[in-house]
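Q: Take this structure first; my questions come after.
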Amino acid sequence: MINIKLNGLENKITLLNEGCGKQGFIKIDEGYKNFGGTDLKHFKEGEKINIVTLSDIAKRFNLNNKSILKIDCEGCEYDVLLKAKVSDLRKFEQIQLEYHYGYINLGNKLKKIGFNVAYGQPKHVYNKEAENRELFIGLIKANRIK
């Protein structure tokens, strides 16, 4: 919130205390130390956080075809994109994301629905904290073909 205020972006950025992916909820321990690149862990006790779909967000904010989607969610990008409706993804002019377990399925879906896709070279990382410890991390930039 501090960075948003310092940059005068209060009217352009909306913070949501929820996750995006497969609809449901998760409980998080606010004291848990996540060192980045680690999957979100579900705890028996903690704050209950709603998980919504990209369709939920598109409807709530009445997104149009001039929107931009940036995803950096430590592995949930597959649930967000692969399960999203084509009509919702086509509301975005540009999609930028960090992938963690390879890019082929993500890129193929975006190409299939009318995006030009560019990939960053994946970097192999072993993360003992992650559920799937073998990560192939990189970036995707996709621009919707008019």
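Q: Can you give the calculated 222 nm mean residue ellipticity of the chain, where each DSSP H run of n ≥ 4 adds -39,500 (n - 2.57) and the sum is split over every residue, rounded to the nearest 500 deg cm²/dmol?
A: Dividing the helical sum by the residues of the chain leaves -5000 deg cm²/dmol.
Q: Looking at the chain, which Cys residues are left with no other cysteine's beta carbon under 4.7 Å from theirs?
A: When partners are defined as cysteine Cβ atoms under 4.7 Å apart, the chain leaves Cys20 without one.
Q: If r is the Cβ-Cβ distance from Lys83 to Asn7 and R0 is 35 Å, what FRET efficiency results, to the nearest 0.05?
A: 0.60
Q: If you compute semi-axes √(5λ) of the Cα gyration tensor in Å for the structure shown, which of [x] 24, 21, 15; [y] 31, 15, 11; [z] 73, 16, 13 do you land on?
A: Looking at semi-axes √(5λ) of the Cα gyration tensor in Å for this model, the match is [x].
Q: Also, quick follow-up: Using the Karplus curve 6.51 cos²θ - 1.76 cosθ + 1.60 with θ = phi - 60°, work out ³J(HN,Hα) for each residue of region 15-22 in order, rounded to whole Hz, and write x for Gly and Pro.
A: 7, 10, 8, 7, x, 10, x, 7
Q: Under a Cβ-only charge scheme (Lys and Arg +1, Asp and Glu -1), can you give me the dipole magnitude of the chain about the Cα centre, in debye to the nearest 20?
A: Here the size comes out at about 760 debye.
Q: Scaled to the compact-protein estimate 2.2 N^0.38 Å, what is the alpha-carbon radius of gyration of region 89-133, rounded to two decimal places?
A: Dividing the Cα radius of gyration by 2.2 N^0.38 Å gives 1.37.
Q: Ranking Thr14, Thr53 by Cβ neighbours within 10 Å, fewest first, what do you get?
A: If I rank by nearby Cβ atoms, fewest first, I get Thr14, Thr53.
Q: Which percentage, to the nearest 5, of the DSSP beta bridges contained in the chain is antiparallel?
A: Expressed as a percentage, antiparallel bridges in the chain total about 70.
Readers should treat all values here as calculations from the given coordinates under stated rules, not as data from a laboratory. From a predicted model like this one, the values you see are computed outputs, not experimental measurements. Note that we place each Cβ from the backbone using ideal geometry, even for glycine, and neighbour counts take in every protein chain shown.
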